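First comes the structure, then the notes that go with it.
The values are calculated or read from the model by the stated rules, or taken from the named source; none is laboratory data. Please read all numbers here as calculations on a predicted model, not as lab measurements. Note that each Cβ is placed from the backbone with ideal geometry, even for glycine, and that neighbours are counted across all protein chains shown.
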Amino acid sequence: MAENKIIVARFRLARCEFMLDVDLTLPGRGVTALFGHSGSGKTTLLRCLAGLEKDPSGFLSVNGDCWQDAQHCLPTHKRPLGYVFQEANLFPHLTVLGNLRYGIQRIPSAKVTDLTSVIDLLGIGHLLNRKPERLSGGERQRVGIARALALNPKLLLMDEPLSALDVQRKNEILPYLERLHDELEIPVIYVTHSPDEVARLADYLVVLEQGTVLAEGGLFNVLTRLDLPISLGEDVGVVLSATIGAIDDAWQLARLDFAGGSLWTRHHGFGVGRTLRVRVLARDVSLAVEHPSLSSIQNILFGVVDAIGDDHHEGLALVRVCVGESVFIARLTKRAASELNIQLGQSLWLQVKSVALLE
């Protein structure tokens with residue numbers, strides 16, 4: 001992490017039978033996802049960062065600026081942050097533009113973000129004269145995010161911003177969240193219990209369980225750990241960075257080149273040279289000790305077994321395989337692992353049945 005471009009957060013907070021006890025050093029740019037089941041402490045930690053929960057012994061420094069230590073604690077209204085809740089909570093009597101302007105009326109003009117840039121970033125220009133009752137759930141949430149960004153924050157906190165939306169509305173807003181990921185210079189702390197949102201948006205991942213940090217690190221590294229499958233359930237898998245290397249127009253396929261090999265998938269309209277994220281779930285990877293022939297599965301890779309672990313289901317195993325510089329995880333029955341005599345350091349073939357593109 002670049003010098004001073006870090007967030008240091010230490011909190012120890014007791015609430016009835018719950019204890020939040022964290023000591024984190026997070027990137028000062030990009031999206032950090034706080035991931036875990038309900039009750040793991042995600043929102044409590046977010047509220048500590050915002051100053052809404054009081055920990056007298058807590059410490060918080062954001063990119064070199066101390067917001068809280070043993071001597072002082074900035075109140076929430078003096079912390080240069082934006083907070084996006086599960087519900088947008090817009091003022092019903094104001095238009096979208098009125099909602100955007102309301103929050104910045106008491107902020108010195110030098111500290112306010114140009115509204116035009118925020119409006120363009122979230123794609124809400126055509127909504128400015130509408131009142132909240134005429135907005136979809138996804139549109140309301142985009143306005144809520146724009147309102148938070150209009151304050152020119154040094155930290156953006158997002159508390160499960162998609163949890164109240166149906167699948168269609170989530171798909172509507174996700175591309176805009178990806179634009180935030182790509183274009184914002186400020187750090188974003190994003191609370192979610194959705195593995196899909198983690199895979200699409202996060203650069204850094206903190207896995208919480210019962211108020212403590214179960215794991216943390218770069219997204220690609222944490223997702224390949226075999227001691228965390230209970231946190232992801234059926235969504236255990238890996239995320240790769242890939243570049244579209246070729247288009248096969250005859251079969252409407254695209255070749256995805258990653259560090260160690262290539263995968264073919266349906267052509268989604270992206271051009272050659274486009275870099276994007278690729279998600280491969282463990283349930284979509286099978287193993288073979290000999291090169292498969294005459295198979296309907298077209299993606300066949302050669303790799304070396306790096307680790308073997310138990311899945312959350314006692315009859316299943318997870319096998320981590322290195323393919324060049326990249327890592328895949330396969331889920332198979334323990335009987336199959338025994339029959340194939342899977343061992344550390346073994347060379348074998350992977351068959352990848354499905355690849356998901358994450359724009």
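Do we find a residue being in the same structural domain as G64 (by TED's automatic domain parsing), closer than 22 Å to F328 by Cβ and touching a Pro at 6+ places or on another chain (Cβ under 9 Å) anywhere in the stretch 143-153? Among the residues of the stretch 143-153, not one is in the same structural domain as G64 (by TED's automatic domain parsing), closer than 22 Å to F328 by Cβ and touching a Pro at 6+ places or on another chain (Cβ under 9 Å), which makes the answer no. Residue count for the stretch 69-85 under the criterion of being over 15 Å from I189 (Cβ atoms) and in contact with a strand residue (DSSP E or B) (Cβ under 7 Å, 6 or more places away or on another chain): the result is 2.
Is at least one residue of the stretch 80-99 in the same structural domain as L149 (by TED's automatic domain parsing), under 16 Å from L157 (Cα atoms) and without any contact (Cβ under 8 Å) to a residue 40 or more places away in the chain? Working first, answer last.
Of the stretch 80-99, the ones in the same structural domain as L149 (by TED's automatic domain parsing) are 80-99.
Pick out the ones that are also under 16 Å from L157 (Cα atoms) and you get 80-89.
With the extra rule that they be without any contact (Cβ under 8 Å) to a residue 40 or more places away in the chain, the set shrinks to none.
For the stretch 80-99, residues in the same structural domain as L149 (by TED's automatic domain parsing), under 16 Å from L157 (Cα atoms) and without any contact (Cβ under 8 Å) to a residue 40 or more places away in the chain: absent.
Can you find, within the stretch 164-204, the residue that is surrounded by the fewest Cβ atoms within 10 Å (Cβ to Cβ) among those that are touching a strand residue (DSSP E or B) at 6+ places or on another chain (Cβ under 9 Å) and among the aromatic types (F, W, Y)?
Start the filter on the stretch 164-204 by keeping residues that are touching a strand residue (DSSP E or B) at 6+ places or on another chain (Cβ under 9 Å), which leaves 177-178, 180-181, 184, 186-204.
Within this subset, residues satisfying the condition of being among the aromatic types (F, W, Y) are 190, 204.
Details: Y190: 27, Y204: 22.
Of everything passing the filter in the stretch 164-204, Y204 is surrounded by the fewest Cβ atoms within 10 Å (Cβ to Cβ).
Of (1) outside the structural domain of L155 (by TED's automatic domain parsing); (2) more than 27 Å from P161 (Cβ to Cβ), H268 satisfies all except one. Which? The one condition H268 does not meet is (2).
Looking at the stretch 271-296 only, could you name the residues that are closer than 15 Å to S241 by Cα and within 24 Å of the chain's Cα centre (by Cα)? Reasoning before the result, please.
Initially, the stretch 271-296 is screened for residues closer than 15 Å to S241 by Cα, giving 272-281.
Of everything in the stretch 271-296, those that are closer than 15 Å to S241 by Cα and within 24 Å of the chain's Cα centre (by Cα) turn out to be G273, R274, T275, L276, R277, V278, R279, V280, L281.
Only residues that are over 24 Å from the mean Cα position of the chain (by Cα) and in a strand (DSSP E or B) were counted in the stretch 232-261, giving 8. Please indicate, with yes or no, whether at least one residue in the stretch 192-209 is part of a loop (DSSP other than H, G, I, E, B) and basic (K, R). No; the residues of the stretch 192-209 include none that is part of a loop (DSSP other than H, G, I, E, B) and basic (K, R).
Of the residues that make up the stretch 163-185, is at least one outside any helix (DSSP H, G or I), in the same structural domain as K78 (by TED's automatic domain parsing), within 18 Å of G137 (Cβ to Cβ) and modelled with pLDDT of 90 or more? Before you say what the answer is, go through the steps one by one.
Taking the stretch 163-185 first, the residues outside any helix (DSSP H, G or I) are 163-166, 184-185.
So of that shortlist, the ones also in the same structural domain as K78 (by TED's automatic domain parsing) come out as 163-166, 184-185.
If we keep only those that are within 18 Å of G137 (Cβ to Cβ) too, we end up with 163-166.
Next cut, modelled with pLDDT of 90 or more only: none.
So far as the stretch 163-185 goes, no, none of its residues is outside any helix (DSSP H, G or I), in the same structural domain as K78 (by TED's automatic domain parsing), within 18 Å of G137 (Cβ to Cβ) and modelled with pLDDT of 90 or more.
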